[in-house]
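Every number in this text was worked out from the coordinates using simple rules, so none of it is lab data. This structure is a prediction, so every number in the text was calculated from the model and none was measured. Neighbour counts are summed over all protein chains in view; Cβ atoms, including those assigned to glycine, are modelled from backbone coordinates with ideal geometry.
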């Protein structure tokens with residue numbers, strides 16, 4: 001998919017675990033993993049806003065478009 005999810009990058013910059021982020025955002029670690037690994041088909045704006053608040057970042061720090069990226073199954 002041409003949309004790349006960079007949650008791992010932000011987690012590393014913030015020295016935060018997936019479990020801690022999931023708890024702060026209010027989603028399960030399994031659902032966060034689906035998003036983090038690029039397998040999500042959609043993300044709610046409320047979830048994106050919660051991720052940005054928890055990571056103290058902008059949406060563009062988490063999501064980016066990459067021309068020519070392979071499509072997800």
Normalised contact order of the chain, rounded percent, pairs of Cα under 8 Å and 6 or more residues apart: 54
Distance in nm between label sites at residue 20 and residue 50, each 7 Å beyond Cα in the beta-carbon direction? 1.9
Apply the a/c threshold of 1.5 to the C-alpha gyration tensor of the chain and tell me whether it is rounded, prolate or oblate. prolate
Cα→Cβ-extended label distance, 7 Å offset, between residue 31 and residue 64, nm: 2.7
Points 7 angstrom from Cα along the Cβ direction at residue 43 and residue 12: gap in nanometres? 1.7
Given the DSSP H assignment, sum -39500 (n - 2.57) over each helix run of at least 4 residues in the chain and divide by its residue total; what's the result at 222 nm in deg cm²/dmol, nearest 500? -14000 deg cm²/dmol
